[in-house]
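Data first, discussion second: the structure below is written as structure tokens.
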Amino acid sequence: MTQIYVAWWNVENLFDVMPWNARARKIKNISSTLKSDLKNWDQPKLTKKLEQLAEIIKEMNNNNGPDILGVCEIENENVLQKLISKIKTGNLANRDYGVVHYDGPDPRGIDVAFIYDKDMFDFHPKDPNAPHDDVNSRYWFSHEVIKRSPTRDIFQVNFHLKTRHNEPFILVGNHWPSRMSGTYETEPYRIIAAETLSYFNLRIQQEYGKNTPILMMGDFNDDPGSRSLTDYALSMRNKNKVINAKKNPNLFNLMWPLMNEGYGSYWYDFPLFFDQFLVSKGFLINDAYLSVVEDSVQVIKPPKMWKKPNGDYPQPRRFGTKDANIELNGYSDHFPISVTLTT
């Protein structure tokens, strides 16, 4: 039996330090938001931000670090490699972490990516013997979300355990459009993302088998009960409906048992569960070769990560850089979440 500790974290504006001309892809359509995010961003702040993030990541999994970590709001692979160098100290010095990243279309230049333990996992192309330029040799896919302007892609990576070469499991990272311009005004964009996710959930099952374990994770910018998740991504709280579905690619939302605990993964006047894990029926059937450890889903929220302006309810303590109230001892505007899988 092997256990796999998987975490997800929106690390909030993890930008690299580089000259403007090195950001050529973004300069054409440079946004005022990106300019604001990068104002006064420098190497000392990046170093401190990386140290803060690494501190929490190293404590995950009983101080053993995650086996897989999905992240969003990162600028590039280089900044993730810098984060890994901060993580691989002390008792994690021997962890051989790798990165899977695609430079997506988001105008702010922030992407979804995965860090994984190279000693535990290999990539799983559909046909390992296919030529390099053949689609069947691919192990990662960037699924674009088509709306009026570019948005973050949905990022799929196919893995298998090194001890189980013929049994793929598939991770799909999400960072859906924000509520910045209003919850209802922006809801159609998240519905588009949800439909895109549901379509590729179905395609993955068609390509790799209907019982393939698929773990969707991400910052969905909606709660588990929002229409985008329930009506369009086909995410639900009833496990049997997912198992017994004949046509629809339903997903089981692992966050529901935490919904009444008085905290969330994000805070905007009240707690919100924007960060979620969803699983396909391949994790739930009786003969699943990979399953979810019961009651293993957690929001990682040690008190040092809390901001407490309105009492003692856990609110994420941001790493702020935009104004006079800079908080260099903060972390992110989201708490990480984790789940344990088992073979």
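Details
- Estimated dipole of the chain in Debye, rounded to 20 [Cβ of Lys and Arg +1, of Asp and Glu -1, Cα centre]: 340 debye
- As a rough footprinting exposure proxy, the listed residues PHE277, PHE335 were ranked by other beta carbons within 10 Å of their own, and the order from fewest upward is PHE277, PHE335.
- The alpha carbons of segment 164-242 give a radius of gyration and a Dmax of 13.9, 46 Å, in that order.
- Gap separating the Cα centres of segment 283-305 and segment 153-227, nearest whole Å: 17 Å
- Counting neighbouring Cβ atoms within 10 Å and putting the fewest first, the residues TYR268, TYR331 line up as TYR268, TYR331.
- Given charges at Cβ of Lys, Arg, Asp, Glu: segment 3-342 dipole, positive-most of SER228, LEU202, ASN240: SER228
- Reachable lysines from LYS239, criterion Cα separation under 24 angstrom, eight or more residues apart if same chain: LYS210, LYS247, LYS281
- Flagged links, alpha-carbon separation over 29 Å, of LYS162/LYS241; LYS86/LYS118; LYS118/LYS304: LYS162/LYS241; LYS118/LYS304
- Evaluated at q = 0.11, 0.15 Å⁻¹, a Debye calculation over the C-alpha positions of the chain (equal weights, vacuum) places log10 I(q)/I(0) at -0.70, -1.41.
- Residues LYS35, LYS241 arranged by fewest to most Cβ contacts within 10 Å: LYS35, LYS241
Read-outs throughout are calculated quantities, based only on the coordinates presented, and are distinct from any laboratory measurement. Being a predicted model, the structure only gives us computed values, none of them experimental. Cβ coordinates were reconstructed from backbone atoms using ideal geometry, including for glycine residues, and neighbour counts include every protein chain displayed.
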